[in-house]
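Structure record follows, encoded as structure tokens.
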Amino acid sequence: MIKFFLMVNKQGQTRFSRYYEHVEINKRTMLEAEVIKNCLSRSKDQCSFIEYKDFKLVYRQYAALFVVVGINETENEMAVYELIHNFVEVLDKYFSRV
């Protein structure tokens with residue numbers, strides 16, 4: 001199950017966030033800061049799957065934008081990785097030049 005969906009720029013600013021479980025606002029801020037720090041600190045040679053607390057992070061970088069999805073342990077990481085790619089392709093087609 002997907003827990004949250006984030007779009008973040010290289011400066012670490014959240015551009016879009018959507019939570020599928022209730023998380024208090026102050027906890028969201030802390031969670032986003034930690035997640036962003038973990039994803040931005042990784043090199044391009046490292047895997048795009050991170051085990052974090054009680055869930056997994058799947059992220060993908062497109063130019064200056066990171067798309068991060070938090071999932072539970074039972075979800076398929078590769079399927080979510082492909083979902084991110086398809087989502088970005090749809091945005092690109094719809095808005096042209098995403």
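The values are calculated or read from the model by the stated rules, or taken from the named source; none is laboratory data. Computed from a prediction, not measured in an experiment: that's the story for all the values here. For neighbour counting, all protein chains shown are included, and Cβ atoms are generated from backbone atoms with ideal geometry for every residue, glycine included. Ligands, DNA and RNA are excluded from the accessible area calculation, which covers all protein heavy atoms including side chains. Shrake-Rupley method; radii C 1.70, N 1.55, O 1.52, S 1.80 Å.
Quick notes on this structure:
- Leading residue by the ranking (surrounded by the fewest Cβ atoms within 10 Å (Cβ to Cβ)) among those in region 1-50 that are β-branched (Val, Ile, Thr) and free of Cβ contacts under 8 Å to residues at least 24 places away in the same chain: Ile25
- Selected residue (only one of Glu75, Glu34 is part of a loop (DSSP other than H, G, I, E, B) and either modelled with pLDDT of 90 or more or of a type in the set (Ser, Thr, Tyr) (or both)): Glu75
- Listed conditions (1) in contact (Cβ under 8 Å) with a residue 12 or more places away in the chain; (2) open to solvent by 40 Å² or more (accessible area, probe 1.4 Å); (3) of a type in the set (A, V, I, L, M) are all met by Ala63, apart from (1).
- Qualifying residue in region 52-68 (condition: part of a loop (DSSP other than H, G, I, E, B) and among the charged types (D, E, K, R)): yes
- A Cβ distance below 9 Å, combined with a sequence gap of six or more or placement on separate chains, defines the contacts here; from region 73-89, residues that are within 20 Å of Glu51 (Cβ to Cβ) reach residues that are loosely packed, with under 13 Cβ neighbours inside 10 Å and of a type outside the set (Phe, Trp, Tyr) in the pairs Glu73/Glu51; Glu73/Asp54; Thr74/Met1; Glu75/Met1.
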